[in-house]
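Colleague: Below is one structure. I have some questions about it.
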Amino acid sequence: MKVGFYQFRPLFGNPIQNCKKIIAALKDVDADLLVLPELALTGYYFKNKAESIKYAEDPDNSERIDSLINLANECNMHLIIGFAEKCGEQCFNSAALIGPSGVQHIYRKVHLFNEEKFCFDPGDTPFIVNDLNGVKIGMMICFDWVFPEVARVLALQGAQIICQPSNLVLTFCQQTMLARCLENKVFAITANRYGVDKRPQGSLRFTGKSQVVTPGGVLLHRAFSQRDALFITEINPEEANNKMITQHNNVLMDRRPEFYTSLNNK
Ligand code: ACM
């Protein structure tokens, strides 16, 4: 399976240009699954919810989403892209799984980071796994990495590849994802953005370094921090079916949930 990411620098508040840039960069790719950053159509640093909803897309009525469906169709691939999702009066920080025949699934970010709490509604979609021609794909968005439960619940549902659209500003995630992969024996594709969102309320600089990690916790590739990067590699998703970490330890079966009961509802 050919998988990868596209790292770039979205322009704040310019979905038309950002979408054009994505299509120009990806129109000739040969891949099965490509992951793009969080909020890739709008940029990140909104002032408030009124502003995020102004730039958000209703996926059922969006020229941008339609042109990404066309792209997926023409290249016969799947895309996972982060975008601001308008749903009535609500606005979510979402990721869409887009295939040749349309939007297959939308995940709405469950763990909002910092000032995102003033710009988005908390996600209300469960963590589920999607089947892409027999390969099991899980989604999380950026700051979800801080909560190890996310990768775990995806792995318990059989996820072989965790896709993580990101707009990372802290420096810890990329290394931490090696542990998330190893402790769950899954692949992870983190697609981060780079550049700066300079806004009246301040500036945020994003860390780039998008990456692909194996179920052994090995970094297959990490992009530079502040450059466009299109990376595609061949992986065997079935490697993620082997949950043994030693000859006698299976990372899922050896769990002792009876000792974790304080996790429930706390
Ligand atoms: C983040 O969740 N965008 C840091």
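Colleague: In whole Hz, with x marking every Gly and Pro, tabulate ³J(HN,Hα) for the range 108-122 from phi via Karplus 6.51 cos²θ - 1.76 cosθ + 1.60, θ = phi - 60°.
Modeller: Each residue of the range 108-122 in turn: 9, 3, 7, 10, 7, 9, 6, 5, 4, 4, 8, 10, 9, 7, x Hz.
Colleague: Under a crude label model (7 Å from the Cα following the beta-carbon direction), how far is K20 from N48 in nanometres?
Modeller: 3.2 nm
Colleague: Let me ask you something else. Whose amide H sits under 5 Å from the amide H of C87, counting only residues 5 or more places off or on another chain, with H placed in the peptide plane?
Modeller: F92
Colleague: Also, I was wondering about something else. Using only helices, what value at 222 nm comes out for the chain when you add -39,500 (n - 2.57) per DSSP H run of length 4 or more and divide by the total residues, to the nearest 500 deg cm²/dmol?
Modeller: Only helices count here, giving -6000 deg cm²/dmol.
Colleague: To the nearest 0.05, what FRET efficiency results for R227 and D131 with a Förster distance of 25 Å applied to their C-beta separation?
Modeller: Calculated transfer efficiency: 0.15.
Colleague: Taking the Cα centre of the chain as origin, work out the dipole magnitude from +1 charges on Lys and Arg Cβ and -1 charges on Asp and Glu Cβ, in debye rounded to 20.
Modeller: Here the size comes out at about 860 debye.
Colleague: Rounded, prolate or oblate: which fits the range 150-217 when a ≥ b ≥ c are the square roots of the eigenvalues of the alpha-carbon gyration tensor, with rounded for a/c under 1.5 and prolate only if a/b beats b/c?
Modeller: The shape class here is prolate.
Colleague: Follow-up. To the nearest 20 debye, what charge dipole does the range 142-233 have about its Cα centre, counting +1 at the Cβ of each Lys and Arg and -1 at the Cβ of each Asp and Glu?
Modeller: Computed charge dipole of the range 142-233: roughly 260 debye.
Colleague: Express in nm, to one decimal, how much length is gained between D58 and D30 on full extension, taking 0.36 nm for each residue of separation and deducting their alpha carbon distance.
Modeller: Here the segment from D58 to D30 would lengthen by 7.2 nm.
Colleague: Be a star and scan the range 145-162 for residues whose amide nitrogen sits under 17 Å from the point 7 Å along the Cα-to-Cβ vector of H105.
Modeller: Those under the cut-off are 145, 149-162.
Colleague: Continuing with the same structure: Charges on Cβ only, +1 for Lys and Arg, -1 for Asp and Glu, centred on the Cα centroid of the chain; of G216, A159, P237, which one is farthest towards the dipole's positive end?
Modeller: Looking along the dipole axis, the top candidate is G216.
Colleague: Could you calculate the contour length gain from L170 to N264, that is, 0.36 nm times the residue separation minus the distance between their Cα atoms, to one decimal place in nm?
Modeller: 31.0 nm
Colleague: Alpha carbon centre of the range 1-67 versus the range 148-181: separation in Å?
Modeller: Centre-to-centre distance over Cα atoms comes out at 21 Å.
Colleague: Please state the shape class of the range 1-158: rounded when a/c is under 1.5, otherwise prolate if a/b exceeds b/c and oblate if not, all from the C-alpha gyration tensor.
Modeller: Oblate, because a/c is 1.5 or more while a/b does not exceed b/c.
Colleague: Right, here's the next one. On a 0 to 90° scale, report how tilted helix 63-75 is relative to the longest principal axis of the chain, with both axes built from alpha carbons and the result rounded to the nearest 10.
Modeller: 50 degrees
Colleague: Under the classification rounded if a/c is under 1.5, otherwise prolate if a/b is larger than b/c and oblate if not, where does the chain fall, given a ≥ b ≥ c as square roots of the Cα gyration tensor eigenvalues?
Modeller: Prolate.
Colleague: With contacts defined as alpha carbon pairs under 8 Å and 6 or more residues apart, what's the relative contact order of the range 123-164 in percent?
Modeller: Answer for the range 123-164 is 44 percent.
Colleague: For G195, what residues show an amide H to amide H distance below 5 Å, using hydrogens built from the backbone and excluding near sequence neighbours?
Modeller: So G195 has HN proximity to F206.
Colleague: Going highest first, how would you order 160-170, 122-132 by mean Cβ packing within 10 Å?
Modeller: Answer by packing, highest mean first, reads 160-170, 122-132.
Colleague: Which far-off residues, 5 or more places away or on another chain, put their amide H under 5 Å from the one on Q104, with H placed in the peptide plane?
Modeller: For Q104, whose amide H was placed from the backbone, the distant partners under 5 Å are L97, I98, G99.
Colleague: Using the Karplus curve 6.51 cos²θ - 1.76 cosθ + 1.60 with θ = phi - 60°, what ³J(HN,Hα) values do you get for each residue of the range 219-234, in whole Hz, with x for Gly and Pro?
Modeller: 6, 7, 6, 10, 6, 5, 6, 10, 9, 4, 8, 10, 10, 9, 9, 8
Colleague: Taking the Cα centre of the chain as the origin and placing charges on Cβ (Lys, Arg +1; Asp, Glu -1), which of N184, I65, W145 is farthest toward the positive end of the dipole?
Modeller: Of the options given, the answer is W145.
Only the coordinates and a few stated rules stand behind these numbers; no lab work does. Just so we're clear, the structure is a prediction, and the values are computed from it rather than from any experiment. Note that each Cβ is placed from the backbone with ideal geometry, even for glycine, and that neighbours are counted across all protein chains shown.
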